[in-house]
Amino acid sequence: MAKKSRPAKAAAVTSAETPRMLDHYMKQVRPQLAEALGRSNPHSIPRLEKIVVNMGVGVAVSEKKHLEEAIGALAQVTGQKPIATLSKAAVSGFKLRENLPIGCKVTLRGRRMYEFLDRLVSLALPRVRDFRGLSSTAFDGHGNYSLGLSEQMVFPEINPDRYTRPQGMNITLVTSARTDDEARQFLRAMGVPLKKEE
């Protein structure tokens, strides 16, 4: 009897829990981009491939607890366990040895990626002080976009009583776009608040 009820339950869960951003992409953004770019193949239309969130914790060289705090904060923000990033070279001026943990990062794909983008665009960015839009030139030439946040407190999941030390993060949106212009058009359609170009 349990076998019969399981497939019906699984089907109900997948249809009800489609991330809002993914739904928006499939129903509105993809047809709009197909028309604008003049492409009939849905696989050639720009899409989000992954989001990489990275925190560099330079003070972790002397204070290990700051790295643990950053890992905890990043796990709360992304919903995924971060990995520690290691130093590649020794720099005596910073008392840095090779292969010391000095940061953490998370690579988001699939459902978590779309949920994170939704929270970033609709909740976190509007909470940034004096926010007037993101730079429309921060592309790498291959359609990938990077932005930086000066503190993790803009995410509502972070408890300010627990995480007192401000910790910035870099967020890279990796797209399948062939050019920066295509990626710009795609991100604007997804609701990413890029500034208008002068």
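With a threshold of 19 Å on the Cα-Cα distance, the over-threshold entries among K50/K105; K50/K196; K81/K105; K27/K196 are K50/K196; K27/K196.
Rounded to the nearest Hz, the phi-derived 3J(HN,Hα) couplings of the stretch 74-80 under the Karplus curve 6.51 cos²θ - 1.76 cosθ + 1.60 (θ = phi - 60°) are 5, 5, 5, 5, 9, x, 9, where x marks glycine and proline. Spacing of the modelled spin labels on N170 and K195, each 7 Å from Cα toward Cβ, amounts to 2.1 nm.
Across the stretch 47-189, the relative contact order, built from alpha-carbon pairs under 8 Å that are at least six residues apart, equals 31 percent. In terms of modelled amide H atoms, which long-range or inter-chain residues lie less than 5 Å from the amide H of V57? Long-range HN contacts for V57: G103, C104. Backbone amide hydrogens, once placed in the peptide plane, bring L134 within less than 5 Å of L194, K195, excluding anything fewer than 5 places away on its chain. At an R0 of 45 angstrom, the distance between the Cβ atoms of T18 and L86 translates into a FRET efficiency of 0.75.
Residue separation of T179 and R111 scaled by 0.36 nm, minus their Cα-Cα distance, works out to 22.0 nm of gained length. Amide H contacts of L100 (H built 1.01 Å from N, in plane; Pro and chain starts excluded): S87 sit under 5 Å, all sequence-distant by 5 or more or on other chains.
Computed from the coordinates by the stated procedures, all read-outs in this text should not be read as laboratory data. The shown structure was predicted, so the numbers you read here are calculated from the model rather than taken from an experiment. Every residue, glycine among them, receives a Cβ derived from its backbone with ideal geometry; neighbour counts consider all protein chains shown.
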